[in-house]
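The values are calculated or read from the model by the stated rules, or taken from the named source; none is laboratory data. Computed from a predicted model, the values in this text were never measured in an experiment. Reconstructed Cβ throughout: ideal geometry from the backbone, glycine too, with neighbour counts over all protein chains shown. Side chains are part of the model used for accessible areas, which takes the heavy atoms of the whole protein and leaves out ligands, DNA and RNA. Shrake-Rupley method; radii C 1.70, N 1.55, O 1.52, S 1.80 Å.
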Amino acid sequence: ILLEMGSEIYTEITENSKCWDIVKNADNFLLSLQKQGKRIGVVENWNKGLIKVLKDLNLMKYFEIVLSGGELGMRKPNKDVFVHALNIFKVPASKTIFIGDRYIDDVLGPKSAHIKTLFYDPKKLTNFVDIPTFSSYSELI
């Protein structure tokens with residue numbers, strides 16, 4: 001019963017856009033990247049549902065690809081997930097920046113594939129010396 005409940009809760013959270021809010025200025029940031037001709041993708045660990053959530057929140061229009069580590073059978077921080085994304089985009093790691101909010105998955109993972117990272121820390125809880133960090137997307141616009 002607990003496994004069924006856990007599965008139902010996971011499905012509700014990952015497929016229901018009402019469970020999600022757009023981070024302040026994230027849509028403006030994505031629009032500014034798009035206007036600059038930057039190619040944008042998502043690398044995530046969900047099994048399914050994110051594309052629906054992004055569409056429901058009117059954000060999917062910004063993303064060229066959404067790679068689901070769960071569906072690929074390899075999850076962040078596995079460097080192969082990031083290499084796979086680079087291969088799809090046909091861009092070198094040196095021309096790529098990965099933005100995330102989890103140190104192991106979103107900093108160490110991309111770094112293992114030689115991708116530069118930006119760490120999103122809205123509550124300013126970290127004090128990284130060697131990792132560029134920001135607390136608001138308005139700082140990047």
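With respect to Lys55, determine if the residue is out of contact with any helix residue (DSSP H, G or I) (no Cβ under 6 Å at 6 or more places or on another chain), open to solvent by 60 Å² or more (accessible area, probe 1.4 Å) and either over 23 Å from Lys35 (Cα atoms) or at pLDDT 95 or above (or both). No; evaluated as a whole, the condition is false for this residue. Scanning the range 90-109 for residues that are farther than 23 Å from Ile22 by Cβ, of a type outside the set (A, V, I, L, M) and either open to solvent by less than 30 Å² (accessible area, probe 1.4 Å) or touching a Leu at 6+ places or on another chain (Cβ under 8 Å) (or both) yields a count of 3. Screening Gly70, Gly49 for residues that are out of contact with any helix residue (DSSP H, G or I) (no Cβ under 6 Å at 6 or more places or on another chain), in contact (Cβ under 8 Å) with a residue 12 or more places away in the chain, over 16 Å from Phe29 (Cα atoms) and surrounded by 15 or more Cβ atoms within 10 Å (Cβ to Cβ) leaves exactly one candidate, Gly70.
For the range 58-67, which positions are open to solvent by 20 Å² or more (accessible area, probe 1.4 Å), among the aliphatic types (A, V, I, L, M) and under 18 Å from Ala93 (Cα atoms)? Once the filter is applied, which keeps residues that are open to solvent by 20 Å² or more (accessible area, probe 1.4 Å), among the aliphatic types (A, V, I, L, M) and under 18 Å from Ala93 (Cα atoms), the range 58-67 yields Ile65, Val66.
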